[in-house]
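Visitor: Sharing a structure here in structure tokens format.
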Amino acid sequence: MIHKIKLFIFLFLLIFTFSFCSKVEGPGGTITIKGKVVERDHVGVNIFEYPAVDQDVYIIYGNQNSFYDDDVKTSYDGSFEFRYLQKGDYQVFVYSDVNPAEQTPDDPSSTTEVLESVNVADNNEIYDMGTIYIDKY
């Protein structure tokens with residue numbers, strides 16, 4: 001009888017423990033999110049496009065945070081990768097300059113976020129975000 005009670009308690013604790021084990025967004029998986037950042041350099045009326053070298057790219061795990069969880073720098077060709085992620089929702093963003101003509105005294109900020117949302121549903125996936133364009137003035 002005592003063995004049955006111990007077995008019951010053990011099974012209850014085992015089921016209870018695993019019922020709260022759910023994988024959430026973030027590191028520890030087999031997913032890669034990649035993309036490329038291109039700078040649009042505004043010189044007078046001309047706009048020149050080239051790869052954004054050494055640009056900071058940020059990622060937020062899930063949709064609840066307001067602060068980034070990880071960051072990487074772009075390569076010589078503007079490419080970036082966030083590797084070994086779990087499936088789920090992510091937000092990837094970079095900072096872009098604000099056109100000086102559009103700045104107001106109420107909001108003198110010189111940069112703005114370019115934010116892209118990503119949902120990755122399958123493991124072992126390489127998700128290509130494509131190109132993110134940022135402006136430089």
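The values are calculated or read from the model by the stated rules, or taken from the named source; none is laboratory data. Quick caveat: nothing in here was measured; it's all calculated off a predicted structure. All Cβ positions, glycine included, derive from the backbone under ideal geometry; neighbour counts span all protein chains shown.
Visitor: Scanning for something in contact with a Gly (Cβ under 7 Å, 6 or more places away or on another chain), more than 23 Å from residue 28 (Cα to Cα) and not aliphatic (A, V, I, L, M), does region 44-51 turn up at least one residue?
Guide: yes
Visitor: Could you give every pair whose Cβ atoms fall below 9 Å, whose first residue belongs to region 119-137 and is among the acidic types (Asp, Glu), and whose second residue is in a loop (DSSP other than H, G, I, E, B), counting only separations of at least 6 or pairs across chains?
Guide: 122/87; 125/87; 135/98; 135/99
Visitor: Out of region 43-59, which residues are assigned to a loop (DSSP other than H, G, I, E, B) and either at pLDDT 95 or above or surrounded by 11 or more Cβ atoms within 10 Å (Cβ to Cβ) (or both)?
Guide: Hits for region 43-59 are 52, 53, 54, 55.
Visitor: Could I ask something else about it? Does region 69-76 contain at least one residue that is at pLDDT below 95 and over 13 Å from the mean Cα position of the chain (by Cα)? Break it down into steps so the answer makes sense when it comes.
Guide: Within region 69-76, the subset at pLDDT below 95 is none.
Checked against the condition, which is being at pLDDT below 95 and over 13 Å from the mean Cα position of the chain (by Cα), region 69-76 yields no hits at all.
Visitor: Still on this structure, I have one more. Taking region 96-125 as the search range and keeping residues that are under 19 Å from residue 47 (Cβ atoms) and in contact with a strand residue (DSSP E or B) (Cβ under 6 Å, 6 or more places away or on another chain), which one is surrounded by the most Cβ atoms within 10 Å (Cβ to Cβ)?
Guide: Looking at residues that are under 19 Å from residue 47 (Cβ atoms) and in contact with a strand residue (DSSP E or B) (Cβ under 6 Å, 6 or more places away or on another chain), I get 96.
For every residue, the table says whether it meets (1) at pLDDT 80 or above; (2) under 24 Å from residue 122 (Cβ atoms).
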residue	(1), (2)
2	no, no
33	yes, yes
61	yes, yes
66	yes, no
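Visitor: When the residues of region 77-92 are filtered to those that are on the phi < 0 side of the Ramachandran plot and touching a Lys or Arg at 6+ places or on another chain (Cβ under 8 Å), which remaining residue is modelled with the lowest pLDDT? Before the answer, list the steps.
Guide: Of region 77-92, the ones on the phi < 0 side of the Ramachandran plot are 77, 79-83, 85-87, 89-92.
Pick out the ones that are also touching a Lys or Arg at 6+ places or on another chain (Cβ under 8 Å) and you get 77, 79-82, 86-87.
Details: 77: 98, 79: 99, 80: 99, 81: 98, 82: 98, 86: 97, 87: 94.
Filtering region 77-92 for residues that are on the phi < 0 side of the Ramachandran plot and touching a Lys or Arg at 6+ places or on another chain (Cβ under 8 Å), the one modelled with the lowest pLDDT comes out as 87.
Visitor: Being surrounded by 12 or more Cβ atoms within 10 Å (Cβ to Cβ), under 22 Å from residue 25 (Cβ atoms), in contact (Cβ under 8 Å) with a residue 24 or more places away in the chain and in contact with a Leu (Cβ under 6 Å, 6 or more places away or on another chain) is true for just one of 82, 93. Which residue is that?
Guide: Working: 82 fails: in contact with a Leu (Cβ under 6 Å, 6 or more places away or on another chain).
Only one candidate passes the filter, namely 93.
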